[in-house]
Amino acid sequence: MLKENLAAVEQRIAEACARAGRSRDEVTLIAVSKTKPVEMLSEVYDAGTRDFGENKPQEIRDKYPQLPEDIRWHMIGHLQRNKIKYIIDKVCMIHSVDSLRLAQAIDEAAEKLGIVMPVLVEVNVAGEESKDGIRPEETEDFVRKISVLPHIHVEGLMTIAPYTENPEENRPYFRNLSKLCVDIREKNIDNVSMYSLSMGMTGDYEIAIEEGATMVRVGTGIFGERFYPRAEADGRV
Ligand SMILES: *Cc1c(COP(=O)(O)O)cnc(C)c1O
């Protein structure tokens, strides 16, 4: 069943790329596997997926040793500084940098390992009280501040758009984030590349692709609904 879900998502990504005149290989599908057991991740891996996203550091720490080494793990959720140690040697990118202190702590942890960690800056596109992220108008300044840290590399922007029944409502937010990314790119800030745009989830990834997403994060559309209480009872979260 997961294989069919994945194929359906792939099909819709290809169609969105075609509508936007983009090549399919400009967009990376990240399978968001939070709360799901490793058996389900294995199934999706066997169907060809190599990029997986998790929003809890402990979950990456626990799943990582149970799955193939060529998986690219993406940290997509809120990250506390004291949890960086669980993931710094396991993830290919941290999508959720939203404070100078967090960026500094990632930089320090990366330095200890002798690596440079690719990061995205999380932007709160709709100014929602409940969401993390930098305000759009403060993003360039924030990017400049963290760009001096030598063990992180700022590669772009990420957003979690508002929940909505009608994904068209999120189009302006995606368009604005794309524009912000280009505007910052054109400033040619040292140690900043701004070619990655992580936006779009199950409800709105096709719109996000039409507006320039280079990474979409799809959970429910591949793995089905998440049942948090059950998962907790199973000791999975
Ligand atoms: C859970 C999650 C997703 C995936 O959400 P779906 O609606 O299930 O596709 C994407 N991004 C982040 C940051 C998430 O926490």
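FYI, it's all coordinate maths here, none of it is from the lab. Predicted model only: the values in this text are computed from it and were never measured. As a convention, Cβ positions derive from the backbone with ideal geometry for all residues, glycine included, and neighbour counts pool all protein chains shown.
Using +1 at the Cβ of each Lys and Arg and -1 at the Cβ of each Asp and Glu in the chain, identify which of HIS95, LEU41, ALA110 lies farthest towards the dipole's positive end. With unit charges placed on the Cβ atoms, the residue in question is ALA110.
For ASP51, the residues 5 or more places off, or on other chains, whose built amide H falls under 5 Å of its own are ALA31, ARG72.
Rounded, prolate or oblate: which fits the range 2-223, taking a ≥ b ≥ c as square roots of the Cα gyration tensor eigenvalues, rounded meaning a/c under 1.5, else prolate when a/b beats b/c?
Since a/c reaches 1.5 but b/c is at least a/b, the shape of the range 2-223 is classed as oblate.
For the pair ASP89 and ALA14 in one chain, pulling the backbone fully straight at 0.36 nm per residue adds 23.8 nm over the alpha carbon distance.
Distances between placed amide hydrogens fall under 5 Å for LYS34 paired with ASN55, all partners being 5 or more residues away or on another chain.
Shape analysis of the range 93-153 places it in the prolate category; the axes a ≥ b ≥ c from the Cα gyration tensor give an a/c of at least 1.5, with a/b above b/c.
Amide H to amide H, with H built 1.01 Å from N, ASN124 comes under 5 Å of ILE134, ARG135, counting only residues 5 or more places away or on other chains. Label positions at ASN166 and GLU128, each projected 7 Å from the Cα along the C-beta direction, are separated by 1.8 nm. Cross-link pairs exceeding 18 Å between alpha carbons, from the set LYS145/LYS187; LYS56/LYS112; LYS63/LYS131; LYS56/LYS85; LYS3/LYS90; LYS36/LYS85: LYS56/LYS112; LYS63/LYS131; LYS3/LYS90; LYS36/LYS85. Straightening the chain between MET1 and ARG50 buys 15.8 nm, computed as 0.36 nm per residue apart minus the Cα-Cα spacing. Of the chain, which part is the longest with no GluC sites (Glu not before Pro) in a loop (DSSP not H, G, I, E, B) and with at most 10 other C-beta atoms within 10 angstrom? Segment 1-68 is the longest. Per-residue extension of 0.36 nm, minus the Cα-Cα distance of SER42 and GLU26, leaves a gain of 3.3 nm for this segment. Here the simple spin-label model places points 7 Å from the Cα toward Cβ, and for ASP141 and GLU186 these points are separated by 2.1 nm.
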